[in-house]
Structure formats: structure tokens, C-alpha cells
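J.: Take this structure first; my questions come after.
The values are calculated or read from the model by the stated rules, or taken from the named source; none is laboratory data. If you're wondering where the values come from, they're calculated on a predicted model, not measured in any experiment. A quick note on method: Cβ atoms are made from the backbone with ideal geometry, for glycine too, and the neighbour counts reach across all protein chains shown.
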């Protein structure tokens with residue numbers, strides 16, 4: 001009886017050790033693990049460290065949830081003139097999408113690229129994104145062949161602002177440790193993003209690990225963006241009051257300065273009254 | 001020194017924004033226009049999303065026009081009584097215009113027709129003002145301006161004089177029909193709702209040529225009316241689109257209300273005719289800009305939405 005208990009315990013211990021060792025094979029650590037956005041925010045750089053099984057290739061994905069919304073206008077020709085001919089919104093695409101790899105993406109089998117959402121031309125965005133055309137009777141979803149042009153423009157716009165990027169051969173791997181730096185632009189979405197690491201060996205996925213990255217606005221920036229979004233009328237009212245106060249304040253300041261500098265000589269004298 | 005703007009979600013140098021505000025405020029103080037036609041594209045060039053550029057600019061115009069109105073009222077240029085009547089017409093016209101926009105949109109190609117109409121109108125107004133003010137300037141040189149000018153405007157004012165409910169406006173020194181002023185305000189309101197502009201460009205020529213106000217009074221009164229249009233639009237943008245960046249607007253408006261002060265002072269140094277020449281040139285410049293936007297092949301066919 002005693003023997004079997006010891007044997008059981010030993011087995012449990014061994015199993016735990018094995019599973020721990022397995023889990024420790026792929027791990028990731030992001031620093032900083034949260035980004036605070038205040039008035040002095042200029043973008044930030046993440047340092048991603050971790051471990052993968054020996055000789056594995058490393059693919060890292062930094063992405064926000066699929067919930068961005070972007071309005072796009074298509075220009076078209078009418079006679080001699082270029083006009084906005086179609087207005088759409090693109091939804092269900094992430095606003096942040098960066099892929100950083102230790103090797104060329106060509107090394108990754110196509111099927112795995114598709115499954116993990118790692119590709120040079122952002123294929124997975126085309127699959128997830130939905131494009132709605134604005135019309136009098138409400139939004140209408142565009143068929144695939146029409147929506148692709150808009151999605152590709154969205155990717156272009158996000159790439160230009162640094163939200164979307166693919167950087168191959170940018171992860172340093174030594175033995176089983178890896179290291180990478182990721183630049184995040186100032187306009188990153190304020191939400192819970194995820195850093196996911198895929199370890200791939202001989203075309204097979206051998207480990208996955210992920211870490212959250214909380215992006216928050218803080219202080220006045222937080223208050224203002226919340227007010228603007230959730231309490232538009234009050235916010236507008238405050239905006240108008242501040243504008244009026246500033247305009248009147250500056251006008252009074254100037255009239256005070258005028259009087260102080262010009263002495264008392266300008267009473268009722270108006271040289272501009274020449275009509 | 002860069003600041004992160006919370007709604008535009010990007011850092012921009014404070015000094016760039018201050019300078020931009022100052023330059024546009026100067027125009028606004030000089031001519032009684034809002035200056036959105038200039039500010040919005042400049043902000044977009046800095047990378048501000050179009051919808052946010054438009055809305056934050058409107059908020060800024062509230063400050064610039066308040067500052068400009070006070071500066072002009074010190075010089076007794078603002079005809080509050082007349083401005084108020086136009087304003088009432090303008091608010092009614094604005095509501096009619098909004099409904100009209102909805103109806104026209106359903107007919108399709110609305111924006112196209114509108115932009116074209118705007119170009120034609122700016123061209124006509126700009127050219128007319130330019131020729132008129134140049135002739136007036138020449139006549140001024142030969143020292144016999146006054147008499148001729150009154151004769152010239154009398155053709156239009158004769159009709160206006162026949163309209164009922166006449167009232168005397170001490171500040172501008174003119175007599176005009178309240179009904180006519182209300183209808184002109186209505187027209188300005190409808191047009192500015194249709195064009196999506198503040199209305200300064202339409203208001204100044206209407207005040208000078210149709211109502212017969214002296215140029216300086218027209219500038220001062222126009223900027224007074226614009227305060228209310230801008231307040232109205234700022235509230236609507238905040239409530240419906242959530243696109244007003246208050247911090248961006250504050251930095252802009254510090255620049256623009258200072259600029260508006262200098263604009264009003266500079267305007268004092270210019271004669272009415274000179275002011276009209278420069279204004280007509282700006283009107284023509286805006287027309288050319290819109291026309292170029294319409295005709296030149298865009299570099300990208302799909303762009304971020306939300307602008308004018």
C-alpha cells in the first residue's frame with residue numbers, strides 16, 4: 001500500500017516535471033507589459049524575450065482585437081472631375097498587426113501561415129474584414145471581389161502609420177532564447193493587445209505562448225477620450241464654453257494691452273472708418 | 001515640443017499648431033470668415049484624420065470669431081442689431097438646408113453637383129468683387145468715389161427698398177427691410193448647410209452688395225454671426241460624430257484668437273476697397289483649389305473618409 005502511494009507520488013512528480021519542462025519550452029515575456037498614453041506619448045518600443053525549443057524558428061505576432069472601424073471614400077471619375085463615388089466602412093479588422101520573425105516567412109508552410117495568421121501580405125485581414133457600403137437604405141455588405149480593394153487600402157493606410165508591419169529576420173535566436181524589439185506607433189489602439197509567439201520546427205508548430213499587452217490612456221487623455229465618446233453633448237458644451245472663454249479672454253487681454261501701451265489717447269478715435 | 005492629442009491620437013508639435021491657428025485667425029479677423037477652407041486641409045496634411053480636422057477646426061472658429069467680434073466691436077464695426085436678424089434667418093435656413101441635403105443625397109451624385117455649383121459661385125463672386133473693388137480703388141484715386149458708388153449699388157438696393165418692415169441700423173448707417181435681411185440670412189443658412197462651410201464667403205459679398213453695408217461693418221458683423229454658426233456645428237459634431245479634439249482645438253484657438261486680434265487691427269489700416277480686393281483674390285484662390293482637387297487625378301483612389 002505504502003509502496004504504491006510512493007510510486008503514485010513519484011509518477012505525479014515526474015509527470016508534473018515533464019509538463020513543466022514542456023511548458024517552459026516556449027515562453028514569452030513582454031516589457032513593458034502595459035503602455036500608458038498621456039500627453040507626452042510619442043509611441044514606444046517593446047522588448048520581447050522568451051524561450052523556444054532548440055533550433056525552432058520563431059514567429060511573433062503583436063495584434064489588437066478585430067474591432068477597428070475605418071471609413072473610406074473611393075474616388076471615381078465623372079466627366080472631367082474626380083469625386084467621392086462610394087463611401088464604405090471597414091470593420092472586423094485589427095488596428096494593430098505586426099509580425100516579427102526569426103527567418104523568412106517563405107520557410108513557413110502555406111497551411112500554417114493561414115492557420116496562424118502569419119503572412120507577408122496580411123492574407124488573414126482579407127478573410128476577417130467586412131466592408132459595408134453606405135446607402136440610403138442602410139449599410140450593405142460588399143461581396144468579396146469588391147471589398148478586397150478597400151481592405152488593401154486599409155492595410156496600406158495602417159502600414160504607413162506603422163500599425164501594420166511585417167519584419168522578417170528581426171528576431172534574434174541564440175540556443176533556445178530569443179529576443180526582439182517592436183516599435184509601436186503613437187496611434188496604437190487603447191485596448192488589450194496580445195503578443196503571441198509561435199515556435200516552428202521542420203514545418204510543424206511545436207510551441208505557443210502568449211502575453212497580454214494592456215494599452216491604456218491615462219489622466220486627462222483618458223478623461224477626454226471617454227467624455228468625447230460617451231457623453232458627446234456635454235463634451236461639446238464644454239468645448240464651446242472653453243472656446244468662448246479663450247476668445248473673449250484674449251480679446252480682453254489685447255484691449256487691456258492696447259490701453260496700457262497707447263495711454264488714454266485712443267478714445268473714440270477711429271482711423272479705419274474710411275468708406 | 002510635441003503633445004499627444006487624445007482624439008486625433010497622434011503627437012504634433014505645439015508650435016506648428018499655434019502657428020497654423022495664428023495664420024488662419026489673422027484671415028478670420030481681416031475678412032470675417034471662419035477660415036475652415038484653409039485649416040482643414042492643412043491639418044490633414046499633418047496627418048490628422050479628416051473628420052477630426054473638420055470638427056476641431058469648427059470648435060476653434062468659435063474662439064477666433066468671438067475674439068474677432070470683440071476686436072471689431074471696439075472699432076464699432078459690429079452691427080449687432082442687423083447681425084441678429086441675419087442670424088435668425090441663418091438658423092432657420094440651416095435647418096432647411098440640412099433637410100435639403102438629405103433629399104438631394106438620395107438623388108445621387110449630390111456632392112458632385114454641389115462642388116461644381118460652389119466652384120461656379122465662387123468664381124462669379126470672386127471675379128465680380130475683384131473687378132468692382134479695383135474700379136472703386138481707381139475712382140478713389142481720382143477723388144470722386146463716393147457719388148459713383150452710391151449710384152452703382154442703387155440698382156440692387158432699389159428693389160430692397162421696396163420691401164416692407166423697414167428699419168434703420170445706426171451702426172452701419174443704412175436703412176433696410178427686416179424681411180429682406182431675414183430672407184438673406186435664410187439664404188446664407190441654406191447655402192452654408194449645402195456647401196458644408198461656415199458661410200463667411202457667402203455672407204460678406206451679400207452684406208456688401210445686396211444689403212449695402214460698408215465693408216468694415218460687413219466684416220465685423222459677419223464674424224459676429226459666424227460665432228453662432230460655429231457653436232451650432234461644434235455641438236452637433238460632438239454629439240453625433242464624437243470628432244472634436246478639444247486639446248487640438250484649444251492649441252489652435254489660442255493661436256487663432258491672437259491672430260484674429262491682429263487681423264482686426266490690420267483691417268483697420270486698410271481701406272474698404274483694398275480689403276475687398278484681397279478678399280476677392282482669396283475667394284478666387286479657394287475656387288482654384290477646389291477646382292484642382294476636382295480635376296487632378298488623385299494619387300490614391302481610396303482615401304480615409306470623413307472630410308468635406
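J.: Six or more apart or on different chains, Cβ atoms under 6 Å: show the pairs whose first residue is in the stretch A:130-142 and assigned by TED's automatic domain parsing to the domain that holds residue A:85 and exposed (fewer than 14 other Cβ atoms within 10 Å of the Cβ) and whose second is assigned to a loop (DSSP other than H, G, I, E, B) and modelled with pLDDT under 80.
T.: Close Cβ pairs satisfying both conditions: A:136/B:106.
J.: Ok, one more. For the stretch A:133-161, give me the residue count where each residue is part of a loop (DSSP other than H, G, I, E, B) and touching a strand residue (DSSP E or B) at 6+ places or on another chain (Cβ under 7 Å).
T.: The number of residues fulfilling the criteria is 3.
J.: Please count how many residues of the stretch A:28-45 are part of a strand (DSSP E or B) and either on the phi > 0 side of the Ramachandran plot or out of contact with any helix residue (DSSP H, G or I) (no Cβ under 8 Å at 6 or more places or on another chain) (or both).
T.: Counting residues in the stretch A:28-45 that are part of a strand (DSSP E or B) and either on the phi > 0 side of the Ramachandran plot or out of contact with any helix residue (DSSP H, G or I) (no Cβ under 8 Å at 6 or more places or on another chain) (or both) gives 9.
J.: Something else: Somewhere in the stretch B:256-267, is a residue within 16 Å of the chain's Cα centre (by Cα) and surrounded by fewer than 23 Cβ atoms within 10 Å (Cβ to Cβ)?
T.: no
J.: Right, here's the next one. Working carefully through the options B:235, B:285, B:275, find the one that is within 19 Å of the chain's Cα centre (by Cα), without any contact (Cβ under 8 Å) to a residue 60 or more places away in the chain and buried (at least 20 other Cβ atoms within 10 Å of the Cβ).
T.: B:235
J.: Now, a different point. Within the stretch A:46-54, is there a residue that is surrounded by 15 or more Cβ atoms within 10 Å (Cβ to Cβ), within 14 Å of chain B (Cβ to nearest Cβ), in contact (Cβ under 8 Å) with a residue 24 or more places away in the chain and not in a loop (DSSP other than H, G, I, E, B)?
T.: No: zero hits.
J.: Kindly indicate which of B:56, B:67 is touching a strand residue (DSSP E or B) at 6+ places or on another chain (Cβ under 9 Å), within 22 Å of residue B:232 (Cα to Cα), within 13 Å of another protein chain (Cβ to nearest Cβ) and in contact (Cβ under 8 Å) with a residue 60 or more places away in the chain.
T.: Checking each option against the conditions leaves just B:56.
So that you can scan it fast, the table gives a plain yes or no per residue for (1) out of contact with any helix residue (DSSP H, G or I) (no Cβ under 7 Å at 6 or more places or on another chain); (2) touching a residue at least 12 places away in the same chain (Cβ under 8 Å); (3) facing chain A (nearest Cβ under 7 Å); (4) not in a helix (DSSP H, G or I):
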{"position": "B:201", "(1), (2), (3), (4)": "no, yes, no, no"}
{"position": "B:207", "(1), (2), (3), (4)": "no, yes, no, no"}
{"position": "B:217", "(1), (2), (3), (4)": "yes, yes, no, no"}
{"position": "B:223", "(1), (2), (3), (4)": "no, yes, no, no"}
{"position": "B:248", "(1), (2), (3), (4)": "no, yes, no, no"}
{"position": "B:280", "(1), (2), (3), (4)": "no, yes, no, no"}
{"position": "B:294", "(1), (2), (3), (4)": "no, yes, yes, no"}
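J.: Let me ask you something else. Where residues in the stretch A:63-87 are assigned to a strand (DSSP E or B) and under 30 Å from residue A:213 (Cβ atoms), which of them is farthest from the other protein chains (Cβ to nearest Cβ)?
T.: Only one residue fits best here, namely A:63.
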